[in-house]
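Below is one structure, written out as structure tokens, with a few remarks after it.
The values are calculated or read from the model by the stated rules, or taken from the named source; none is laboratory data. These numbers were taken from a predicted model, which means no experiment stands behind them. When we count neighbours, we look across all protein chains shown, and the Cβ atoms used for this are built from the backbone with ideal geometry, even at glycine.
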Amino acid sequence: MHVPPDHLFAALADPTRRGIFERLSRGGEQSVRALTAEAGVSQPAVSKHLGVLKKAGLVRDRRAGRETHYSANPKALAPLVAWLSFYAAFWSARLDKLEELLERMDQ
Amino acid sequence: MSETGTTRSLVFERQMKHPPEKVWRALTQSHLIAEWLMENDFVPKVGHRFTFRATPLPGWSGIANCEVLAVDPPHLLSYRWGDGTESASGLVTVVTWTLMPRDGGTLVRMEQSGFRTPDELAFKRMGKGWPRVLERLEDVVGRVDLDA
């Protein structure tokens, strides 16, 4: 049920897989054939990439007749978003901007 | 970074050479907030709901649905940051600004509280889907901290 972040990182480290995941995230459910047409690699290669994404929990599959359709599961990304460190960097930068703004403002 | 119970907080403190009243304006006037923080429809009124908008990230919509919790010019400003719908993690935090006059300027303190640990998040998500939790009872028992 819970995939260690390492698996997620590994699954998304490959640019072709990242591309497939992004297309599914934006475009909704798609068949392997449709994904192959866009991916620029062979159908077996796409299937293999989808297998890795599925193992990482990033995509779900659904059989429909002879075709398998895949959809993205963006919730699987949650462990990757390290909010504390994200906001630490965020506020540090924003406080710099706040001070710059105060310099520009009238009393 | 500090830890209280099961959540963590981020705290920033900065001495700024401007008076609290001026810092307060930068923190509470929508067009000024937009210049240093994010696009927003903030109004300094308790109970006012507003949004901050930024560029989306993977796992985050780029929007924070917020609500003003406390307004005490020019000392204290607090708002709920997010309502749990913006990211897959369901994060909801509280941002509190405290302005203290110091050395002719202001000691600005920002605290963002309510960061849950990953296990907490996992448990919360499970709580939304009891049938699935029961299906995976073993997994749940293995994961839940019984002391929590």
Working carefully through the options A:Leu77, A:Leu84, A:Leu8, find the one that is at pLDDT below 90, out of contact with any strand residue (DSSP E or B) (no Cβ under 8 Å at 6 or more places or on another chain) and facing chain B (nearest Cβ under 9 Å). A:Leu77
Within segment A:4-43, the count of residues that are hydroxyl-bearing (Ser, Thr, Tyr) and within 20 Å of A:Arg62 (Cα to Cα) comes to 3
Listed residues A:Ala93, A:Ala89; which is in a helix (DSSP H, G or I), facing chain B (nearest Cβ under 10 Å), exposed (fewer than 14 other Cβ atoms within 10 Å of the Cβ) and over 19 Å from the mean Cα position of the chain (by Cα)? A:Ala93
Can you tell me how many residues within segment B:26-57 are in contact with a helix residue (DSSP H, G or I) (Cβ under 6 Å, 6 or more places away or on another chain) and not small (Gly, Ala, Ser)? 7
Provide a single number: the residues in segment B:80-103 that are assigned to a strand (DSSP E or B), away from every other protein chain (no Cβ under 14 Å) and touching a strand residue (DSSP E or B) at 6+ places or on another chain (Cβ under 7 Å). 3
So the check is Cβ under 9 Å with 6+ separation or different chains; which pairs have a first residue in segment B:24-36 that's within 10 Å of another protein chain (Cβ to nearest Cβ) and a second one that's of a type in the set (Phe, Trp, Tyr) and surrounded by fewer than 18 Cβ atoms within 10 Å (Cβ to Cβ)? none
Please determine, by comparing only the residues of segment B:13-33 that are of a type in the set (Lys, Arg) and closer than 19 Å to B:Val71 by Cα, which one is nearest to the chain's Cα centre (by Cα). B:Arg25
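Do we have any residue at all in segment B:107-120 that's touching an Asp or Glu at 6+ places or on another chain (Cβ under 6 Å), at pLDDT 50 or above and within 13 Å of chain A (Cβ to nearest Cβ)?
yes
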Test A:Ser47 against the criterion of being out of contact with any Cys (no Cβ under 8 Å at 6 or more places or on another chain), at pLDDT 90 or above and not in a helix (DSSP H, G or I), and give yes or no. no
